[in-house]
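A short write-up of the structure that comes next.
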Amino acid sequence: MKVIRIKEIPLSVARELLEARQKRAPLESYQLSALYHASKFSKLPSDKTEKLIEELIANFKISRVTATQIANIMPQTIQELRTLLAKESKVFLTEDLEKMLEIIKNYVE
(Lines give C-alpha, C1' and ligand atoms only; values in the text may rest on other atoms or scores of the structure.)
Protein backbone atom coordinates (compact mmCIF):
# COMPACT_ATOMS: atom_id res chain seq x y z
CA MET A 1 0.00 0.00 0.00
CA LYS A 2 1.29 3.46 -0.89
CA VAL A 3 0.35 6.82 0.63
CA ILE A 4 -0.92 9.09 -2.12
CA ARG A 5 -1.62 12.20 -0.05
CA ILE A 6 -2.02 13.31 3.53
CA LYS A 7 -4.97 15.45 4.52
CA GLU A 8 -6.27 16.37 7.94
CA ILE A 9 -9.77 15.02 8.42
CA PRO A 10 -12.22 15.72 11.22
CA LEU A 11 -13.42 12.99 13.55
CA SER A 12 -16.80 12.78 11.82
CA VAL A 13 -15.14 11.91 8.50
CA ALA A 14 -12.88 9.36 10.20
CA ARG A 15 -15.97 7.80 11.76
CA GLU A 16 -17.69 7.51 8.36
CA LEU A 17 -14.59 6.02 6.73
CA LEU A 18 -14.20 3.44 9.49
CA GLU A 19 -17.91 2.55 9.41
CA ALA A 20 -17.70 2.02 5.64
CA ARG A 21 -14.58 -0.11 6.08
CA GLN A 22 -16.32 -2.13 8.81
CA LYS A 23 -19.08 -3.09 6.35
CA ARG A 24 -16.50 -4.64 4.01
CA ALA A 25 -14.46 -6.59 6.57
CA PRO A 26 -13.83 -6.83 10.31
CA LEU A 27 -11.78 -3.98 11.74
CA GLU A 28 -8.46 -4.46 13.50
CA SER A 29 -8.40 -3.65 17.23
CA TYR A 30 -6.73 -0.28 16.70
CA GLN A 31 -9.35 0.58 14.07
CA LEU A 32 -12.13 -0.35 16.49
CA SER A 33 -10.56 1.93 19.08
CA ALA A 34 -10.38 4.75 16.56
CA LEU A 35 -14.02 4.17 15.56
CA TYR A 36 -15.11 4.21 19.19
CA HIS A 37 -13.20 7.45 19.81
CA ALA A 38 -14.54 9.12 16.66
CA SER A 39 -18.11 8.03 17.43
CA LYS A 40 -17.93 9.28 20.98
CA PHE A 41 -16.27 12.63 20.35
CA SER A 42 -17.40 13.81 16.91
CA LYS A 43 -19.81 16.67 17.40
CA LEU A 44 -21.29 17.22 13.92
CA PRO A 45 -22.15 15.23 10.81
CA SER A 46 -19.29 15.17 8.32
CA ASP A 47 -20.96 17.46 5.76
CA LYS A 48 -21.50 20.19 8.37
CA THR A 49 -18.02 19.70 9.73
CA GLU A 50 -16.45 20.20 6.30
CA LYS A 51 -18.55 23.34 5.72
CA LEU A 52 -17.44 24.73 9.09
CA ILE A 53 -13.79 24.02 8.32
CA GLU A 54 -14.01 25.73 4.94
CA GLU A 55 -15.81 28.73 6.43
CA LEU A 56 -13.18 29.14 9.16
CA ILE A 57 -10.36 28.94 6.62
CA ALA A 58 -12.03 31.41 4.26
CA ASN A 59 -13.03 33.98 6.87
CA PHE A 60 -10.05 33.89 9.21
CA LYS A 61 -7.17 32.65 7.02
CA ILE A 62 -6.19 29.86 9.41
CA SER A 63 -4.59 26.54 8.52
CA ARG A 64 -6.68 23.46 7.78
CA VAL A 65 -5.05 21.74 10.76
CA THR A 66 -6.29 24.44 13.14
CA ALA A 67 -9.72 24.65 11.51
CA THR A 68 -10.08 20.87 11.80
CA GLN A 69 -9.18 20.94 15.49
CA ILE A 70 -11.70 23.72 16.08
CA ALA A 71 -14.37 21.65 14.29
CA ASN A 72 -13.45 18.57 16.34
CA ILE A 73 -13.56 20.36 19.68
CA MET A 74 -16.24 23.00 18.99
CA PRO A 75 -14.96 25.48 21.59
CA GLN A 76 -17.55 27.55 23.42
CA THR A 77 -15.39 30.25 25.00
CA ILE A 78 -12.79 32.71 23.80
CA GLN A 79 -10.21 31.10 26.11
CA GLU A 80 -10.73 27.68 24.52
CA LEU A 81 -10.50 29.23 21.08
CA ARG A 82 -7.29 31.09 21.93
CA THR A 83 -5.71 27.80 23.02
CA LEU A 84 -6.52 26.20 19.68
CA LEU A 85 -5.26 29.22 17.74
CA ALA A 86 -1.97 29.46 19.65
CA LYS A 87 0.08 27.87 16.85
CA GLU A 88 -1.23 30.21 14.17
CA SER A 89 1.25 32.92 13.24
CA LYS A 90 -1.43 35.57 13.51
CA VAL A 91 -2.85 37.68 16.33
CA PHE A 92 -6.62 37.49 16.64
CA LEU A 93 -8.56 40.40 18.07
CA THR A 94 -11.35 39.70 20.54
CA GLU A 95 -13.88 40.76 17.87
CA ASP A 96 -12.47 38.12 15.51
CA LEU A 97 -12.74 35.47 18.19
CA GLU A 98 -16.31 36.46 18.95
CA LYS A 99 -17.17 36.21 15.23
CA MET A 100 -15.51 32.81 15.12
CA LEU A 101 -17.56 31.62 18.10
CA GLU A 102 -20.75 32.86 16.40
CA ILE A 103 -19.93 30.84 13.30
CA ILE A 104 -19.25 27.78 15.45
CA LYS A 105 -22.53 28.24 17.35
CA ASN A 106 -24.41 28.34 14.03
CA TYR A 107 -23.25 24.78 13.35
CA VAL A 108 -24.15 23.29 16.73
CA GLU A 109 -27.09 20.91 16.46
Practice problem: Specify which of the listed residues (Glu88, Glu102, Glu95) is under 22 Å from Lys7 (Cβ atoms) and either in contact with a Gly (Cβ under 6 Å, 6 or more places away or on another chain) or among the charged types (D, E, K, R) (or both). | Solution: Glu88
Practice problem: State which residue pairs qualify: first residue assigned to a helix (DSSP H, G or I) and inside segment 7-30, second residue of a type in the set (Phe, Trp, Tyr) in any location, beta carbons under 8 Å apart, and separation of 6 or more residues or different chains. | Solution: Leu11/Phe41
Self-check item: Qualifying positions in segment 28-78 - within 21 Å of Leu101 (Cβ to Cβ) and among the hydroxyl-bearing types (Ser, Thr, Tyr)
Solution: Ser42, Thr49, Ser63, Thr66, Thr68, Thr77
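Is there a residue in segment 64-74 that is of a type outside the set (Ser, Thr, Tyr) and either farther than 23 Å from Ile6 by Cβ or at pLDDT below 95 (or both)?
Yes, the conditions are met somewhere in segment 64-74.
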Quiz prompt | Single condition Gln76 does not satisfy, out of (1) of a type outside the set (D, E, K, R); (2) closer than 26 Å to Arg15 by Cα; (3) in a helix (DSSP H, G or I) | solution = (3)
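The values are calculated or read from the model by the stated rules, or taken from the named source; none is laboratory data. In this text the structure is predicted, and so the values were computed from the model without any measurement. Heads up, the Cβs are rebuilt from the backbone with ideal geometry, glycines too, and the neighbour counts pull from every protein chain shown.
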